[in-house]
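The values are calculated or read from the model by the stated rules, or taken from the named source; none is laboratory data. The shown structure was predicted, so the numbers you read here are calculated from the model rather than taken from an experiment. All Cβ positions, glycine included, derive from the backbone under ideal geometry; neighbour counts span all protein chains shown.
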Amino acid sequence: MSRLVYSRKPGKFAIARLAGAVKPGAGAHVGPLALQSDEPLALPTPEWVRLRPRLAGICGSDLALVDGTASAYFDPLVSYPFTPGHEVVADVVDADGSPGRRVVVVPVLSCVTRGISPECPACAAGQINLCERVAYGHLAAGLQTGFCADTGGGWSHEMVAHPSQLVDVPDDFSDEAAVLIEPTACAVHAAKRFTGAQTVIIGAGTLGLLTLAAITATPRRKKNSGPIIVTARYPEQRRLAKELAADVVCTTDEMPRLVRSRTGSLVVGDQLTSGAPTVIDCVGSSDSISQALRVVAPGGCVHMVGMPGNVSVELTSLWHRETSISGCYAYTHADFATAIEVIRRHDLGRLVSATYPLADYTEAIAIAAAAGRRGAVKIAFDMRGKH
Amino acid sequence: MARPGFVLEVDKSTPPLLFWRGEGFSLEKLPAGRSRVIYPPEPLEAIKDVDGAILEALLNPIDSEPLPALLFPGMKLTIAFDDVSLPLPKMERPDNRQRVIEAVLDLAAAAGVDDVHLIAALGLHRRMHEYELRHALGDRIYDAFHGRGQLYQHDAEDLDNLEVVGTTDQGEVLEINKRAAESDLLVYVNINSVAMDGGWKSVCTGLASYRSLSHHHNPTTLENTKSLMGHRDHSALHQSVWRLGKVLRDSGPRIFQIETTLNTDMFPSPFDFINKREWEWTAKDRAIYLGTTKSLKRTPIKMARKIFHGMQGPHRMTSVQAGETSAVHEVTLQHVYRQQLVEVQGQTDILTMGIPFVCPYNPDGVMNPVLVMCMGLGYLFNMYRNKPLVREGGVIIMTHPTYKDFNPVHHPSYIDFYEQVLADTTNPAEMSRKWEQQFAEDEWYRHLYRTGNAYHGVHPFYAWYWGAHGLQHAGKVIIVGGEPAVVRRLGFTPASTMDDAFEIASDVVGRHPTISHMHVPALLVADVK
């Protein structure tokens, strides 16, 4: 069974960081990620099942890992060596080894998957994304499938999963549509922060577009809702954002002027005196957070949907204007059901721009790292061919 | 003696023709046998004794008592003057405004008048910088009046200092600067660069409020302004302004109008080759052209702008007349036409024009894309009498780099207009309906207009409306050398070369169109028969 494996190799990690700084995605050539042939993983407990991934997406957090820019915060929350890939559509392997149900994986490794009983308060409340035990139980540390040595990940021909992690794929869904269910569930979770007031979405990569799709699909968006302003860097992103019913699509440079104009704000230095009550940052860089704080209204909130990592941000305005920054991580099981509806409504399977076999992982990762510039959105590995 | 303007039929021996391209130039060949070039008259001889002529005009005005007879101790005297939008480029010192105002002030002082206010008649234009006021008025006037609060700039948003003079029979409200309205005498000092300026337009726009201006600065009026530089009967804008002028005459302060005209000696050495006809260029002119264009290509754009905007035109006064507004303006028009009018037979399929680095709305600033449209379709297209140089449905070709660049201090609302309004529509009526009010009432723009050096929030709309008739008239507009994305945002078609532009134009006007080229500078008005 072949799979891509990410090992703890500090030297290669440093080289990947250098290479990734020169050319995003280049860390795949020189870093700790390698294609290996291994024996199948052992099932953690008898109730776990084997999966044969069909498609597995490449996510921004995966790219951060490959290019060595992932935060050190994650170190105690992962276990090496692991196989990345948490956006997975797969076939369950039946007892006779034949493909069974087609499922997507809810990758969060929460109390139930770890055999922890009683569950932590968050899991007990259904908020598995806030599980307090992601480094405990009978599994090795790992906040999600794709970061845990015991479960494997989607970038492989075989992985294992707990039955509680499986969501059946509707028959009318293509694999391409199905592989977007997990990131769309993230977006659905983020869209819950939408209040109907003017909202800015920073970034129109996969996460930004899916968040937009989730918001525009929600019943909370009414005719009299405030405008949704989306910043998009590339023409294809702009086109898609308009298609997904953004009210205004602009460049990052234009956005502060646009929010100022739409809110009738004055300006003090670089700071709007008024602004948008809700800003959803789907980028997570120092620049995007700084810009979000410049345009968020007093008392408003910047929701971090993009993974921020180690950033440097001037927070005086946050103090002075009583704004807040709020994290927005993953999803609950219920979000997956909503995600399926959002995908169906917007026909989001078309956002999968290209798929690559595992053997071409360096090329796939390079394309994923430059997806926006190349007019692409989601790049995925395709394991439907030869094993 | 200055030679009159004329029309050159292009043949095989015609040398390439000079086109402005913003902060640079190019030489372009036009097709022989079907192209013509309209050259303006050479600069008229200037008045030799300018101060004497000014005094003569003040003492022997048209349809008015002499100025000294209108001055008396204890009176309120207000002198309003044209702002930085005129003349272009700025004139060598002393500026005509300084000369005229000094003469008026001398007579006022002699009459014992001490309540004198000077007001820059900005309308919705940006406030002038101190150095611009000093240039226009001279240091003596600036230092004497500014410190005492008696030299200031009109504020069309200062509700406490605006006064309604009256309403026309068509419901147009005339609201002007309160100090001017309450004065015993309002003296208005004009620089009449083109025929559309002056007359009742001086006070009714320069000292008016947004409410008042919106009666005639709107798409409907400007689409029906078929002759901005010619017959007033064909200009809905001027008809509106003249109606407001009647209200002003009947219910407003007494007005003493002073109008001055200039010759077209616009560019100093070494740029004086611009004023010449190409086949008369000397070897030195050619060398200067080559040297200038090559070095401009290597010069950073900011530096090039500094060089161009730093130029002072040698233009000289050709006439000065004072007295009753309408009567004065009729005389002024004759002087303007004497300098600028060129008789042209018939229209053509294509009109070509070079767009320079400056228009009335970007002195010492950036010729942003909205102003490129305004200069081409609002000003140069309208430089005709009787009918446009290009036939209805014909093609207008401009040359300009048309970069996405704005002066954020002077044109903050232009940036938003470009990014938001033009992204939505280029249709004047639609943008007026959907967007104008938001921009006009934007508190931030209002603040920048009133306290900084920004054009009013609504001004980019007015700049766009200025080209409304041109937009409506032309079948296609092409910009040669502009940034394609920016040109498309304006709703126009980009072309990389003049030949490409002709090729593109062939879709509209066929393979063998007739072509007119306006040789600007200098300024000219084509009298199209």
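What single numbered condition from (1) of a type in the set (A, V, I, L, M); (2) more than 22 Å from residue A:68 (Cα to Cα); (3) in a helix (DSSP H, G or I) fails to hold for residue A:289?
(2)
So residue B:123 fits all but one of (1) more than 21 Å from residue B:242 (Cα to Cα); (2) touching a residue at least 12 places away in the same chain (Cβ under 8 Å); what number is the exception?
Every condition holds for residue B:123 apart from (1).
State which residue is farthest from the other protein chains (Cβ to nearest Cβ) when the search covers only the range A:223-243 and only residues that are assigned to a strand (DSSP E or B) and of a type in the set (A, V, I, L, M, F, W, C).
Of everything passing the filter in the range A:223-243, A:228 is farthest from the other protein chains (Cβ to nearest Cβ).
Only one of these is small (Gly, Ala, Ser) and outside the structural domain of residue A:165 (by TED's automatic domain parsing): A:317, A:353. Name it.
Among A:317, A:353, only A:317 is small (Gly, Ala, Ser) and outside the structural domain of residue A:165 (by TED's automatic domain parsing).
For the list (1) in contact with a Pro (Cβ under 9 Å, 6 or more places away or on another chain); (2) crowded, with 22+ Cβ neighbours inside 10 Å, I need the number of the one condition that residue A:82 fails.
It is condition (1) that residue A:82 fails.
Please find, within the range B:404-422, the residue that is surrounded by the most Cβ atoms within 10 Å (Cβ to Cβ) out of those that are of a type in the set (Val, Ile, Thr) and within 14 Å of residue B:366 (Cα to Cα).
B:415
Return yes or no: is residue A:50 of a type in the set (Lys, Arg), modelled with pLDDT of 95 or more and surrounded by fewer than 22 Cβ atoms within 10 Å (Cβ to Cβ)?
Yes.
Among the listed residues B:179, B:243, identify the single one that is of a type in the set (Lys, Arg), at pLDDT 95 or above and closer than 27 Å to residue B:90 by Cβ.
When all the criteria are applied, what remains is B:179.
Any residue in the range A:190-200 that is buried (at least 24 other Cβ atoms within 10 Å of the Cβ) and assigned to a helix (DSSP H, G or I)?
yes
Is at least one residue of the range B:414-421 more than 12 Å from every other protein chain (Cβ to nearest Cβ) and either modelled with pLDDT of 95 or more or over 23 Å from the mean Cα position of the chain (by Cα) (or both)?
There is no residue in the range B:414-421 that is more than 12 Å from every other protein chain (Cβ to nearest Cβ) and either modelled with pLDDT of 95 or more or over 23 Å from the mean Cα position of the chain (by Cα) (or both).
Within the range B:402-424, can one find any residue that is touching a strand residue (DSSP E or B) at 6+ places or on another chain (Cβ under 9 Å) and of a type in the set (A, V, I, L, M, F, W, C)?
Scanning the range B:402-424 turns up at least one residue that is touching a strand residue (DSSP E or B) at 6+ places or on another chain (Cβ under 9 Å) and of a type in the set (A, V, I, L, M, F, W, C).
Quick one: in the range B:441-455, of everything that is more than 12 Å from chain A (Cβ to nearest Cβ) and assigned to a helix (DSSP H, G or I), which residue is surrounded by the most Cβ atoms within 10 Å (Cβ to Cβ)?
So the residue we want is B:449.
Suppose we filter the range B:318-332 for residues that are touching a strand residue (DSSP E or B) at 6+ places or on another chain (Cβ under 8 Å) and surrounded by fewer than 20 Cβ atoms within 10 Å (Cβ to Cβ); how many remain?
Result for the range B:318-332: 3.
Would you check which residues across the range A:274-297 are touching a Cys at 6+ places or on another chain (Cβ under 9 Å) and within 13 Å of another protein chain (Cβ to nearest Cβ) and list them?
Correct list: empty.
Name every residue in the range A:137-189 that is touching a Leu at 6+ places or on another chain (Cβ under 8 Å) and either over 23 Å from residue A:40 (Cβ atoms) or among the basic types (Lys, Arg) (or both), in order of residue number.
A:143, A:176, A:177, A:178, A:180, A:183, A:184, A:186, A:187
Filter the range B:266-284 for residues that are touching a Gly at 6+ places or on another chain (Cβ under 9 Å) and surrounded by fewer than 20 Cβ atoms within 10 Å (Cβ to Cβ); which is nearest to residue B:192 (Cα to Cα)?
Top of the filtered list is B:268.
From the list A:372, A:300, which residue is farther than 21 Å from residue A:28 by Cβ, outside any helix (DSSP H, G or I) and touching a Lys or Arg at 6+ places or on another chain (Cβ under 9 Å)?
The match here is A:300.
What's the number of the condition residue A:246 fails, among (1) within 24 Å of residue B:425 (Cβ to Cβ); (2) more than 13 Å from chain B (Cβ to nearest Cβ); (3) modelled with pLDDT of 95 or more; (4) not in a helix (DSSP H, G or I)?
Unmet for residue A:246, out of (1) within 24 Å of residue B:425 (Cβ to Cβ); (2) more than 13 Å from chain B (Cβ to nearest Cβ); (3) modelled with pLDDT of 95 or more; (4) not in a helix (DSSP H, G or I): (2).
Answer with yes or no whether residue B:510 is closer than 30 Å to residue B:346 by Cα and surrounded by fewer than 23 Cβ atoms within 10 Å (Cβ to Cβ).
Against the criterion (closer than 30 Å to residue B:346 by Cα and surrounded by fewer than 23 Cβ atoms within 10 Å (Cβ to Cβ)), residue B:510 qualifies.
Could you grab me the full set of residues in the range B:167-182 that are under 18 Å from residue B:206 (Cβ atoms) and among the small types (Gly, Ala, Ser)?
Answer for the range B:167-182, where residues must be under 18 Å from residue B:206 (Cβ atoms) and among the small types (Gly, Ala, Ser): B:180, B:181.
Name, by its number, the condition in (1) over 19 Å from residue B:82 (Cα atoms); (2) touching a residue at least 24 places away in the same chain (Cβ under 8 Å) that does not hold for residue B:118.
The single condition residue B:118 does not satisfy is (1).
Cβ-Cβ under 7 Å, sequence separation 6+ or interchain: first residue in the range B:479-496 and without any contact (Cβ under 8 Å) to a residue 12 or more places away in the chain, partner outside any loop (DSSP other than H, G, I, E, B). Which pairs?
Close Cβ pairs (under 7 Å, with a partner that is outside any loop (DSSP other than H, G, I, E, B)) amount to B:484/B:494; B:488/B:494.
Identify all residues within the range A:249-273 that are in a loop (DSSP other than H, G, I, E, B) and more than 10 Å from chain B (Cβ to nearest Cβ); write none if there are none.
Hits for the range A:249-273 are A:252, A:269, A:270.
Out of (1) in the same structural domain as residue B:306 (by TED's automatic domain parsing); (2) within 22 Å of residue B:133 (Cβ to Cβ), what's the single condition that is false for residue B:36?
(2)
Among the residues that make up the range A:302-317, is at least one of them at pLDDT below 95, surrounded by fewer than 21 Cβ atoms within 10 Å (Cβ to Cβ) and β-branched (Val, Ile, Thr)?
yes
Of all residues in the range B:33-50 being among the small types (Gly, Ala, Ser) and under 16 Å from residue B:349 (Cβ atoms), which is surrounded by the most Cβ atoms within 10 Å (Cβ to Cβ)?
Looking at residues that are among the small types (Gly, Ala, Ser) and under 16 Å from residue B:349 (Cβ atoms), I get B:35.
Just checking, does the range B:471-479 include any residue being assigned to a loop (DSSP other than H, G, I, E, B), more than 10 Å from chain A (Cβ to nearest Cβ) and of a type in the set (A, V, I, L, M, F, W, C)?
So far as the range B:471-479 goes, yes, one or more of its residues are assigned to a loop (DSSP other than H, G, I, E, B), more than 10 Å from chain A (Cβ to nearest Cβ) and of a type in the set (A, V, I, L, M, F, W, C).
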